[in-house]
Amino acid sequence: MIKTVNLDKRTFTPSKVVCIGRNYVEHIAELGNEIPDEMVVFNKPNSAVSSQLQAFHQEQLHYEGELCFLVENGQFAAVGFGLDLTKRGLQSKLKAKGLPWERAKAFNGAAVLTDFVAIDAITDSLTLELYINDKLIQSGGVELMMYKPDDILTELNTFTDLVDGDVVMTGTPKGVGVVNLGDVFLAKVLQDNKVLLSHQWTAQ
């Protein structure tokens, strides 16, 4: 079944979800990774897109809250919130062997996305907040990114075609952790301290 995302009253079908890894210095430190010499990029297929938050898929999952952008006419036309779900145990084993991450990052339901909201300009004030069971767990945004959205778009265009409906996930600030069954996740995207969107999931 082909997965879609929504912008206003329009529906888009992402051909892919392009993910930027290690884009926040404090998140790199919390996972004990090295700061990369160049942008880390990996893809999730359309089958990874979901509106449901799962706590378990062959192993317990970890969440990473991210600002996401919807591509239209070659530009980032809209913003949303995404959860990059990860099989952290499997990912660690794959990384240790120098193997690709897809089995840990690109499984069914691994890209949990909200609806998108049209945006005219992307400024440093564009931020995300993630609350779990009413506690603020993650916050951050463009100001803290090593690679800003304009940099990401320019770099991606050097080696891959971005088509209408593609989603770009821009990395996660510190505060990642385990998804527990029944946890209530509240995601918000703000600009100039104004809430552009909010969405709630309960982990299943």
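What follows draws every value from the coordinates through simple rules; no lab data is involved. What you see is a predicted model; the values in this text were computed from it and never measured. In this analysis, Cβ positions are derived from the backbone assuming ideal geometry, glycine residues included, and neighbour counts consider all displayed protein chains.
To the nearest 0.05, how large is the calculated FRET efficiency for THR11 and LYS135 if R₀ is 41 Å and r is the Cβ-Cβ distance?
0.75
Please check: in the Gaussian network model of the chain (C-alpha springs, under 10 Å), which one of ASN43, ASN108, ASN157 has the largest mean-square fluctuation.
Its mean-square fluctuation being the largest, the pick is ASN157.
Mind telling me which of ASP120, ASP166, ASP37 comes out most flexible in a GNM of the chain, alpha-carbon contacts under 10 Å?
Comparing ASP120, ASP166, ASP37 in a Gaussian network model of the chain, the most mobile one is ASP37.
Run lengths n ≥ 4 of DSSP H only: what is the helix-derived mean residue ellipticity at 222 nm for the chain, with -39500 (n - 2.57) per run over all residues, to the nearest 500?
Helices in the chain give a 222 nm mean residue ellipticity of -3000 deg cm²/dmol.
Between ASN180 and VAL40, 0.36 nm times their residue separation minus their Cα-Cα distance comes to what?
Between ASN180 and VAL40, full extension yields an extra 47.6 nm.
Taking a ≥ b ≥ c as the square roots of the eigenvalues of the Cα gyration tensor of segment 12-114, is the shape rounded (a/c under 1.5), prolate (a/b larger than b/c) or oblate?
Oblate is the answer for segment 12-114, as a/c is 1.5 or above yet b/c matches or exceeds a/b.
Which shape class, rounded, prolate or oblate, goes with segment 77-204 when its Cα gyration tensor gives a ≥ b ≥ c as root eigenvalues, a/c under 1.5 marks rounded, and past that a/b bigger than b/c marks prolate?
oblate
What number comes out for the charge environment of VAL49, summing +1 per Lys or Arg and -1 per Asp or Glu over other residues with Cβ under 10 Å away?
Once all neighbours under 10 Å are counted, the net charge is +3.
Which whole-Hz couplings ³J(HN,Hα) result when phi for each residue of segment 33-46 is put into the Karplus expression 6.51 cos²θ - 1.76 cosθ + 1.60, θ = phi - 60°, listed in order with x for Gly and Pro?
Each residue's phi maps through the Karplus curve to give 8, 8, 5, x, 6, 9, 4, 8, 10, 9, 10, 10, x, 3 Hz.
Taking only C-alpha pairs under 8 Å that are 6+ residues apart, what is the relative contact order of the chain in percent?
Once normalised by length, the contact order is 30 percent.
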